[in-house]
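Following: one structure in structure tokens, then a few remarks.
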Amino acid sequence: MIKSPLQIARESYSPKLPAALKGSVKIVEGKKTESVADQADIEKLFPNTYGMPVLTFEEGESGATDKAISVGLILSGGQAPGGHNVISGIYDGLKKLNPANKVYGFLGGPGGLVDNNYQELTDDIIDHYRNTGGFDIIGSGRTKLEEVEQFDKGLENCKALGINALVIIGGDDSNTNACVLAEYYKQKDAGVQVIGCPKTIDGDLKNEMIETSFGFDTACKVYSELIGNIQRDANSAKKYWHFIKLMGRSASHIALECALQTQPNITIISEEVEAKSMTLDEVVSDIANKVAARAANGENFGTVLIPEGLVEFIPAMKKLIAELNDLLAHNEEEVNAFETNKEKREYLVEKLSAEMAEVFKSLPNAIANQLMLDRDPHGNVQVSMIETEKLLIDMVKAKLKKMKKAGEYVGKFAAQGHFFGYEGRCAAPSNFDADYCYSLGYTASVLIAEGKTGYMSSVRNLTAPAEKWIAGGVPVTMMMNMERRHGEMKPVIQKALVKLDGAPFKALCAKRDDWALNTKYVYPGPIQYFGPTEVCDLPTKTLVEESK
């Protein structure tokens, strides 16, 4: 690896830790917990790991053993800034407990556990990756651990290496897998603990104990810099509307956070679209009316932020996708046997309900084809492949053409489409994410040393200085509910969507009419790593609003 001057400088950065993690740690147990929903079903499926207490760390006498242990690490799912610092925190925490402790990284994600593809992590390797972006230290993957054969093969491989615990660093689906694995190993009294770490730039793995998932802060700052650059260009050239789709899968947290950071003209929040039962045409009309209002002021330019998963929240589209998911899950061979997309569309139209068949036929062929793409390993439609920004541009253009004929629009409309996703996933972590991720990893090492399993690493009170952060563990079963996946009801961690009665969304609502008509752009610029705390260590505006 050839290191840039910034990377060389960042190697010397020492992440900040909560006070409780700087010395001996005492664990304080809270009350017995229950799942967020479907309590009877979740308890039945997880009898050995259900109802465990929330754990909080305090400074005090540790009950951990000093016996040498070995730990295996797995990076699962898409990349998120700060993953290398999670691994660094786990490594440093374990080595501090006992220099004889060993850390192994399973290569290429969960598949590495099953295939016994691993590497022992050492000082030389870890030091090379501190405070860097990406997951390239051991790689990641999307193999879903759900078969008993996989569990048993993974256990066999762990036993051969003397591994006492696994840490699965991933999002809601990956940590669901971790919970299932923890339950299975606990049931078998296998002697292998399983701990999760909350990773996803999407921001949808959050609750009262997980205030934010790691990587969200950095990704939003990167996207906001890009949005600010585009807005400055738009305000200079004054001739383009920029439709910017932002990664975020099924939740609009990234779009909301970036809107609060950059103050664009229009921000679509998928959860609001669903709550208002808006049709696609109503979404388009709302955009077109705002474009017309700005044109009346002589401003034929602007920015529109679009959540990646928008199509899944338009009620008719959501129902269509749900039907398609079931059809594609149960008729995969038949669909794949057709050579052309036209044949596939015709086959599905015959299988869909009459109402959804009409919705499917009404879509442009390009969008319909994208809805038929293979699902991801968790059974989700690949929303990043759906060119929502281009669909909206075409529909707004058509709507404005009709409005012009009716004398309701007097401007010129030229648009550019953008999709910001991969640009933010492997960025060098912000100071916040560098500190937060290191703390999450260090917390995981304590949970392991204390013999815990079925827990997710938790660090809270994140708007305070790092020294006052509260570290501990939350039972993964506490976050779970039952959802339909691949045509069957499955236990999964409940996704955290944007709350329409929450402070961040209310902050957007208070300003968006003003931002729509007037040009009040903010240009955040790049992430700052060095300088005053009020510039370099700021948490997201979402966290700030939620803490008020």
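The values are calculated or read from the model by the stated rules, or taken from the named source; none is laboratory data. The shown structure was predicted, so the numbers you read here are calculated from the model rather than taken from an experiment. Cβ: placed from backbone, ideal geometry, glycine included. Neighbour counts: every protein chain shown.
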Per-region count, the range 84-118, residues free of Cβ contacts under 8 Å to residues at least 40 places away in the same chain and in contact with a Phe, Trp or Tyr (Cβ under 7 Å, 6 or more places away or on another chain): 6
Criterion (within 25 Å of Gly154 (Cα to Cα), crowded, with 17+ Cβ neighbours inside 10 Å, assigned by TED's automatic domain parsing to the domain that holds Gly108 and under 28 Å from the mean Cα position of the chain (by Cα)) met by exactly one of Gly82, Gly72: Gly72
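Yes/no matrix, rows are residues, columns are (1) under 19 Å from Ala219 (Cβ atoms); (2) more than 16 Å from the chain's Cα centre (by Cα):
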| residue | (1), (2) |
| --- | --- |
| Ile244 | yes, yes |
| Ser250 | yes, no |
| Leu260 | yes, yes |
| Val284 | no, yes |
| Lys290 | no, yes |
Residue under evaluation Ala427, criteria (1) farther than 29 Å from Lys245 by Cβ; (2) surrounded by 20 or more Cβ atoms within 10 Å (Cβ to Cβ); (3) among the aliphatic types (A, V, I, L, M), criterion not met: (1)
Any hit, the range 211-232, residues being among the aliphatic types (A, V, I, L, M), outside the structural domain of Ile254 (by TED's automatic domain parsing) and touching a strand residue (DSSP E or B) at 6+ places or on another chain (Cβ under 6 Å): no
Number of positions in the range 299-333 that are without any contact (Cβ under 8 Å) to a residue 24 or more places away in the chain and outside any helix (DSSP H, G or I): 1
Qualifying positions in the range 23-37 - surrounded by fewer than 18 Cβ atoms within 10 Å (Cβ to Cβ) and either among the aliphatic types (A, V, I, L, M) or in contact (Cβ under 8 Å) with a residue 24 or more places away in the chain (or both): Gly23, Ser24, Lys26, Val28, Glu29, Gly30, Thr33, Glu34, Val36, Ala37
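Answer yes or no: is there a residue in the range 50-66 that is among the β-branched types (Val, Ile, Thr), over 28 Å from the mean Cα position of the chain (by Cα) and modelled with pLDDT of 95 or more. Walk me through it before giving the result.
Initial filter on the range 50-66 (among the β-branched types (Val, Ile, Thr)): 54, 56, 65.
Filter once more, keeping what is over 28 Å from the mean Cα position of the chain (by Cα): 65.
Subset that is modelled with pLDDT of 95 or more: none.
The answer is no; no qualifying residue exists.
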Helices (runs of 4 or more DSSP H) contained in the range 74-144 and holding at least 2 residues touching a Ser or Thr at 6+ places or on another chain (Cβ under 6 Å): 83-97, 110-115
Of residues in the range 85-104 being within 19 Å of Ala428 (Cα to Cα) and of a type in the set (S, T, N, Q), the one surrounded by the fewest Cβ atoms within 10 Å (Cβ to Cβ): Ser88
Extreme residue, modelled with the lowest pLDDT, among residues of the range 354-384 that are closer than 25 Å to Thr279 by Cβ and among the small types (Gly, Ala, Ser): Ser384
Count of residues meeting criterion [closer than 12 Å to Glu257 by Cβ and aliphatic (A, V, I, L, M)] in the range 179-227: 4
Helices (runs of 4 or more DSSP H) fully within the range 435-548 counting 1 or more residues that are in contact with a helix residue (DSSP H, G or I) (Cβ under 8 Å, 6 or more places away or on another chain) and modelled with pLDDT of 95 or more: 503-517, 541-547
Test result for Met403, surrounded by fewer than 24 Cβ atoms within 10 Å (Cβ to Cβ), at pLDDT below 95, in contact with a helix residue (DSSP H, G or I) (Cβ under 8 Å, 6 or more places away or on another chain) and of a type outside the set (Lys, Arg): no
Any hit, the range 180-200, residues being touching a residue at least 24 places away in the same chain (Cβ under 8 Å), farther than 20 Å from Val476 by Cα and of a type outside the set (Asp, Glu): no
Number of the condition not met by Gln416 [criteria: (1) surrounded by fewer than 24 Cβ atoms within 10 Å (Cβ to Cβ); (2) assigned to a helix (DSSP H, G or I); (3) not aliphatic (A, V, I, L, M)]: (2)
Residues of the range 267-298 satisfying the condition of being within 18 Å of Asn235 (Cβ to Cβ), assigned to a loop (DSSP other than H, G, I, E, B) and in contact with a strand residue (DSSP E or B) (Cβ under 9 Å, 6 or more places away or on another chain): none
Residue within the range 6-26 that is modelled with pLDDT of 95 or more and within 30 Å of Glu149 (Cβ to Cβ) present: no
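Residue-wise test of (1) touching a Leu at 6+ places or on another chain (Cβ under 7 Å); (2) farther than 16 Å from Gly441 by Cα; (3) of a type in the set (Asp, Glu).
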{"position": "Ile90", "(1), (2), (3)": "yes, no, no"}
{"position": "Leu94", "(1), (2), (3)": "no, no, no"}
{"position": "Asn101", "(1), (2), (3)": "yes, no, no"}
{"position": "Gly111", "(1), (2), (3)": "no, yes, no"}
{"position": "Asn117", "(1), (2), (3)": "yes, yes, no"}
{"position": "Asp124", "(1), (2), (3)": "no, yes, yes"}
{"position": "Asp127", "(1), (2), (3)": "no, no, yes"}
{"position": "Ile137", "(1), (2), (3)": "no, no, no"}
{"position": "Lys144", "(1), (2), (3)": "no, yes, no"}
Condition check for Trp469: under 30 Å from Val71 (Cβ atoms) and crowded, with 19+ Cβ neighbours inside 10 Å: yes
Selection status of Leu181, buried (at least 19 other Cβ atoms within 10 Å of the Cβ), more than 20 Å from Ala444 (Cα to Cα) and not hydroxyl-bearing (Ser, Thr, Tyr): no
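Would you point out which residue out of Asp233, Asp204, Asp217 is part of a helix (DSSP H, G or I), acidic (Asp, Glu) and farther than 14 Å from Thr540 by Cα?
Of the residues listed, the single one that is part of a helix (DSSP H, G or I), acidic (Asp, Glu) and farther than 14 Å from Thr540 by Cα is Asp233.
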Any chance Leu371 is in contact with a helix residue (DSSP H, G or I) (Cβ under 9 Å, 6 or more places away or on another chain), surrounded by 21 or more Cβ atoms within 10 Å (Cβ to Cβ) and in the same structural domain as Asp286 (by TED's automatic domain parsing): no
Positions within the range 299-353 being polar (S, T, N, Q) and at pLDDT 90 or above, in sequence order: Asn300, Thr303, Thr340, Asn341, Ser353
